[in-house]
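Just below is one structure, and these are the notes that go with it.
Bear in mind that the values in this text are calculations on the coordinates, not laboratory data. Note that the coordinates shown come from a computational prediction; the quantities given were computed from them, not determined experimentally.
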Amino acid sequence: MELSHWLLFTAVCLATTYSPGPGVLLAVSNALTHGPRQALISSSGNALGIFIVAGLTVSGLGLLLHTSALAFTALKVVGAGYLIYLGIRQWRARSNAFSTGTGAAAESVTPRRLFLNGLMVALSNPKSVLFFSAVFPQFMPEQASVGQLLLMTSTFAACAVISHLTYVLAAGPLMRWCAAPRRLRNLNRSLGLIFIGMGLGVLRMGAGGRP
């Protein structure tokens, strides 16, 4: 891939990953509830999910979802259900990383669970498959090599982690502001409603990626 093409692709990736979506929202909610380091664990899982989704898309999953209404509906229902589940869990959350004074949330969560949450958000989001199937071909030559695919996938995953890190750092001041129980409850419920809204939005999404 020529440098100019890679830079343009990187710009597209940054614009996409900085747009608030399920992965970004998960990173912010984990930063507030469990702390910045734990949030980056979920972002690592999200990056791995991006690798997997990109590979499957190039292997034909994107075409399958475009042509099979049943396959697309199944993935859509799974993705929407998982986002709604995360929303309900966030609504019910009663702690944040700052309220403990130790940088760890009162509600214990294992790094494995955080990693799997990030992975599942990436794997169950049909928009990711549609994005890769629409954007990747614009930058890949007809006879693309494995190295080119790895470069593009690595670039997108790195942009995703960078965007999550930015949002996590920006969420830092909110942790102090949310030390008051009432503010914390309102923020958790707001984040929960956003998760649920995203889930409902995924349910309304058509095969072309639009509601």
Problem - Potential extension, residue 11-residue 165 segment - 0.36 nm per residue separation minus Cα distance - result: 53.7 nm
Exercise for the section: Report the full-extension gain for the segment residue 146 to residue 52: residue separation times 0.36 nm, less the Cα-Cα distance, to one decimal in nm. Expected result: 32.4 nm
